[in-house]
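Enquirer: Quick one: structure below, then a few questions.
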Amino acid sequence: MSRQCQTGTNDRQGVPRSIFSVAHLPQIERFDAWKDSIASIFDVEAEKEIAANFQATLEATLIGPLLFARTETCRQAWSRTPRRIALDGMDHYLIQYFERGGHLDIEGVTHGPEGYIVVFDLSRPLANTTTDFCNFSVLIPRPLLAAQLERPDEMHNLVVTGVVGSLLRNHILTLQALSSSLDIASSDRVSEATIGLVAACLNGVDVDSALRDGSTSYAGIVQIKHFIDGHLHSENLTADWIARQNGVSRSKLYTMFERHGGVAAYIRSRRLQHAFHTLRDPTRRHRSLYDVALEAGYNNDAAFCRAFKNHFELTPGEVRRLRRPRPSAENAIANASRRYEHWLHHLGATA
């Protein structure tokens, strides 16, 4: 690119801040600049006419181990594929409040009530489209929030409304109002209070009605998912056995897991996820690929490798050799407007 994006600086002593903007780039370069930068967390695409008149601003503040951001940009499609998740290793919860605009459903209608809050689990695949929008985001590393959640693995695509949503929205807006005046000394206390409030609010959500794609009994699904995880490597783990052990009919079980592609697909996905974490774990590098394949329910490593690559778009060997890409500190300091990319990959570890 012929010019750098606008650089954000903060001369006063306080929490680290970064402002990324494409406003001072030629129109022809703007979307590519945004796409390159936001690729630190999402893959994005925009229609040709939108990309030709593109605008985007992202103001980020590092508050202790949390990242707070205000984003204003145009309509576009966002995704996190299994391959991207495997490559970046990012494991955060993303809580977003949409002040204006929002996500589109399959008919092109904005999904969710005005001013809604939605939660995403960045370790899970994601694909959606947004309108022109302005939103506020809080990113929290999983270890800091999951320990306080009653159902840490069931937060993905959760829409938060009502009194609980109002509490979260007011806190997010307070963070926005205070972000420019926070100092390092107070940031840890603010982040601790934020994590506690987010956990309390999410634990208080009526998940049966809040899950965007959930229409069956949430408690029943959670119970059976926990049962599956507890018997993940059992040879008895079939739909018939699960239904009998949990006192539900096969038809009810299939209805519960329809949004997961069926019971067998869910079990296969969970086993492959477990295999992925085994392969990424340096303390388990001594385990042979054949042992990992057997544990995942495959009788030979060739079949396991095919299924694994179909799911993650990477081979087991490639995952075992992965090193998480982290933007260098030198580059992050050199381009202050893009420091948030560096922070995303270091949340909870270092500023």
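Enquirer: Take residues that are at pLDDT below 95 and within 19 Å of residue 85 (Cβ to Cβ) and tell me which of the helices (runs of 4 or more DSSP H) falling wholly in segment 221-333 contain 3 or more.
Expert: In segment 221-333, 263-280, 301-312, 316-320 are the helices (runs of 4 or more DSSP H) which contain 3 or more residues that are at pLDDT below 95 and within 19 Å of residue 85 (Cβ to Cβ).
Enquirer: Give the residues of segment 286-306 that are among the aliphatic types (A, V, I, L, M) and touching a Lys or Arg at 6+ places or on another chain (Cβ under 7 Å), sorted by residue number.
Expert: 296
Enquirer: Which of the numbered conditions does residue 139 fail, given that it passes all the others? Conditions: (1) at pLDDT 85 or above; (2) surrounded by fewer than 20 Cβ atoms within 10 Å (Cβ to Cβ); (3) of a type in the set (A, V, I, L, M, F, W, C).
Expert: Among (1) at pLDDT 85 or above; (2) surrounded by fewer than 20 Cβ atoms within 10 Å (Cβ to Cβ); (3) of a type in the set (A, V, I, L, M, F, W, C), residue 139 violates only (2).
Enquirer: With respect to the numbered conditions (1) at pLDDT 95 or above; (2) within 22 Å of residue 170 (Cα to Cα); (3) more than 19 Å from the chain's Cα centre (by Cα); (4) not basic (Lys, Arg), which one is the sole condition not fulfilled by residue 114?
Expert: Failing condition for residue 114: (1).
Enquirer: Six or more apart or on different chains, Cβ under 6 Å: which pairs go from a residue in segment 278-294 that's under 16 Å from residue 306 (Cα atoms) to one that's of a type in the set (A, V, I, L, M)? Could you list them?
Expert: So the pair list comes out as 279/319; 292/275.
Enquirer: For segment 218-276, how many residues are aliphatic (A, V, I, L, M), exposed (fewer than 15 other Cβ atoms within 10 Å of the Cβ) and over 15 Å from residue 297 (Cβ atoms)?
Expert: Of the residues in segment 218-276, 1 are aliphatic (A, V, I, L, M), exposed (fewer than 15 other Cβ atoms within 10 Å of the Cβ) and over 15 Å from residue 297 (Cβ atoms).
Enquirer: Any residue in segment 332-351 that's farther than 18 Å from residue 195 by Cβ: show its pairings with residues that are modelled with pLDDT of 85 or more and of a type in the set (Phe, Trp, Tyr) at Cβ separation under 7 Å, as long as the two are six or more apart or on different chains.
Expert: Cβ pairs passing all conditions: 337/20; 338/20; 340/20.
Enquirer: Can you find, within segment 297-319, the residue that is surrounded by the fewest Cβ atoms within 10 Å (Cβ to Cβ) among those that are more than 22 Å from the chain's Cα centre (by Cα) and touching a residue at least 40 places away in the same chain (Cβ under 8 Å)?
Expert: Filtering segment 297-319 for residues that are more than 22 Å from the chain's Cα centre (by Cα) and touching a residue at least 40 places away in the same chain (Cβ under 8 Å), the one surrounded by the fewest Cβ atoms within 10 Å (Cβ to Cβ) comes out as 297.
The values are calculated or read from the model by the stated rules, or taken from the named source; none is laboratory data. Note that the structure is a prediction, hence the values are computed from the model and not measured. Counting neighbours? That spans all protein chains shown, and the Cβs are built from the backbone with ideal geometry, glycine included.
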